[in-house]
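Heads up, the thing below is written out as structure tokens.
The values are calculated or read from the model by the stated rules, or taken from the named source; none is laboratory data. Just so we're clear, the structure is a prediction, and the values are computed from it rather than from any experiment. Quick reminder, even Gly has a Cβ in these numbers, built from the backbone with ideal geometry, and neighbours come from all protein chains shown. Note: areas computed on protein heavy atoms with side chains; ligands, DNA, RNA excluded. Shrake-Rupley method; radii C 1.70, N 1.55, O 1.52, S 1.80 Å.
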Amino acid sequence: MTDHVTIEPSILYFGTPVVLLSTENPDGSFNLAPMSSAWALGNVIVLGLGEEGQSARNLADRPDLVINLPAPHQWRAVERLAPLTGRFPVPDTKHADCRFEPDKFGAAGLRPEPSDQVRPPRVAECPLQFEARAQSVRRDVSASFVIVEAVVAKVHADPRLVVPGTQHVDPSAWSPLIYNFRHYFGLGPQLGHSYRTQTPSVSNAAGS
């Protein structure tokens with residue numbers, strides 16, 4: 001048995017999917033921001049946002065949003081957005097290298113695509129896109145972050161990710177971009193599946 005050591009890491013990003021969040025600015029333009037604290041609870045997506053960011057401010061007044069999930073190979077586009085902010089002037093709490101950028105889509109090299117039920121656009125290049133509406137926007141217990149609970153109204157998927165003849169995303173075809181202690185990763189090979197899955201792996205299905 002290995003003895004554990006006690007450590008004090010500066011961050012606790014132990015591995016969650018990267019999301020590109022599109023929201024509406026006060027002037028009717030749109031903000032696009034990367035974030036990496038997102039959890040799905042049924043059709044509710046819980047988001048953790050920095051309190052000083054433009055996304056949190058937008059959602060407090062304009063609840064429409066799109067939760068775009070990039071693929072692993074799109075990490076460079078995500079990183080191009082990382083040092084940018086839609087806030088002007090740039091908040092003092094932002095990193096010293098952070099700068100204001102009004103055209104986030106252009107800066108990232110991504111294309112906005114009209115949504116069906118919400119005002120902010122989808123990211124055309126992202127394989128999965130969730131149109132949603134924030135139902136709750138509140139501070140967390142530390143008063144440093146904002147917790148958003150958003151109800152998903154419509155899901156758009158690259159058809160190559162959908163199990164033919166079903167409404168299911170094929171987990172063998174889809175791999176999220178994972179932000180793991182401030183490094184980018186994709187998924188490795190499948191190890192197995194839950195007893196609750198409705199989309200067993202190709203290898204299991206072939207042997208059944």
Residue pairs qualifying under the 7 Å Cβ cut-off, at least six apart or on distinct chains, with the first in the range 67-81 being basic (K, R) and the second being surrounded by 19 or more Cβ atoms within 10 Å (Cβ to Cβ), are R80/A108
Take V162 and tell me if it is under 14 Å from the mean Cα position of the chain (by Cα) and open to solvent by 30 Å² or more (accessible area, probe 1.4 Å). no
Out of everything in the range 2-24 that is hydroxyl-bearing (S, T, Y) and exposed (fewer than 11 other Cβ atoms within 10 Å of the Cβ), what residue ends up being nearest to D61 (Cα to Cα)? S10
Could you please give the count of residues in the range 87-125 that are assigned to a loop (DSSP other than H, G, I, E, B), open to solvent by less than 30 Å² (accessible area, probe 1.4 Å) and touching a Leu at 6+ places or on another chain (Cβ under 8 Å)? 5
Residues satisfying the stated conditions in the range 30-64, i.e. under 19 Å from E113 (Cα atoms) and either without any contact (Cβ under 8 Å) to a residue 24 or more places away in the chain or touching a helix residue (DSSP H, G or I) at 6+ places or on another chain (Cβ under 6 Å) (or both): N31, L32, A33, P34
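Considering A96, A82, A107, which residue is on the phi < 0 side of the Ramachandran plot and within 15 Å of the chain's Cα centre (by Cα)?
Values: A96 fails: within 15 Å of the chain's Cα centre (by Cα); A107 fails: within 15 Å of the chain's Cα centre (by Cα).
Within the list A96, A82, A107, the selection yields A82.
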Result of the Cβ filter at 9 Å on the range 1-21, keeping first residues that are touching a residue at least 12 places away in the same chain (Cβ under 8 Å) and partners that are assigned to a loop (DSSP other than H, G, I, E, B) and open to solvent by 100 Å² or more (accessible area, probe 1.4 Å), at least 6 apart or interchain, is I11/R182; Y13/R182
Looking only at the range 177-199, count every residue that is touching a His at 6+ places or on another chain (Cβ under 9 Å) and closer than 20 Å to W75 by Cβ and tell me the total. 2
Taking Q74 and the conditions (1) more than 26 Å from G106 (Cβ to Cβ); (2) polar (S, T, N, Q); (3) not in a loop (DSSP other than H, G, I, E, B), which numbered condition does it fall short on, given that it satisfies the others? (1)
Considering the range 39-69 alone, what residues qualify as being part of a strand (DSSP E or B) and crowded, with 16+ Cβ neighbours inside 10 Å? I45, L47, G48, L49, G50, D64, L65, V66, I67, N68, L69
Breaking point among (1) touching a residue at least 60 places away in the same chain (Cβ under 8 Å); (2) outside any helix (DSSP H, G or I); (3) exposed (fewer than 14 other Cβ atoms within 10 Å of the Cβ), for D27: (1)
